[in-house]
Every structure is written in structure tokens, then in C-alpha cells.
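Engineer: The structure's right below; bear with me while I get my questions together.
The values are calculated or read from the model by the stated rules, or taken from the named source; none is laboratory data. None of these values were measured; they are calculated from a predicted model. Positions of Cβ are backbone-derived with ideal geometry, glycine not excepted, and every protein chain shown enters the neighbour counts. These accessible areas exclude ligands, DNA and RNA; they are computed on the full protein's heavy atoms, side chains included. Shrake-Rupley method; radii C 1.70, N 1.55, O 1.52, S 1.80 Å.
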Amino acid sequence: GKMERAVKVYTVCDESRYMLVKNVPALGCSSELLQLLGSFGHIEEYLLLDDEECEPYTDVYWIKFADIAHAR
């Protein structure tokens, strides 16, 4: 038979290296945000999400830490 593909839905409780940071004022302050988050540990990758639902004049960032402990 055909195998169904599993879809993983992450909740706040899930242990993950990934983090969504919402309601960041859209003032081009990404370097300050990354510097602040980087003080917790090495950030492997980050993205500014354009299609994420958010408040007007705010941005949403997707952050990938190198280590789960850093994201925690």
C-alpha cells in the first residue's frame, strides 16, 4: 500500500533548535536582535519571514541555533 507522509507540528513545548521571534519592530533592527540572541549561543541560520501573520509594522524572524541548549 501507499505510505502516508507524517507531518510534524511543533508546539512551544517541543525541544527544538528553532525559534520564531514575533512582534519585532520593523525598524531594521535585525543586527541588534541577532546580537542579543547570539549571546545565548551560536546562530546557524536566520530568516526574515514575509508571509507570517503579524501585527502591522512588525517583523517575524526564524532563528536556528546550533544547539538545543542555546535555543532553550
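Engineer: Only residues that are part of a loop (DSSP other than H, G, I, E, B) and open to solvent by 60 Å² or more (accessible area, probe 1.4 Å): list them for the stretch 61-72, please. First the steps, then the outcome.
Structural biologist: Residues of the stretch 61-72 part of a loop (DSSP other than H, G, I, E, B): 66-67, 72.
Those that are part of a loop (DSSP other than H, G, I, E, B) and open to solvent by 60 Å² or more (accessible area, probe 1.4 Å): ASP67, ARG72.
Engineer: Small (Gly, Ala, Ser) and at pLDDT 90 or above: is that true of ALA26 in this structure? I'd like the intermediate steps shown before the answer.
Structural biologist: On the way: small (Gly, Ala, Ser): yes; at pLDDT 90 or above: no.
Here the answer is no, as ALA26 does not meet what is asked.
Engineer: Next question. Determine whether the stretch 37-60 contains at least one residue that is touching a residue at least 40 places away in the same chain (Cβ under 8 Å) and of a type outside the set (Gly, Ala, Ser).
Structural biologist: yes
Engineer: Give the number of residues within the stretch 20-60 that are surrounded by 14 or more Cβ atoms within 10 Å (Cβ to Cβ), of a type outside the set (A, V, I, L, M) and assigned to a strand (DSSP E or B).
Structural biologist: Of the residues in the stretch 20-60, 2 are surrounded by 14 or more Cβ atoms within 10 Å (Cβ to Cβ), of a type outside the set (A, V, I, L, M) and assigned to a strand (DSSP E or B).
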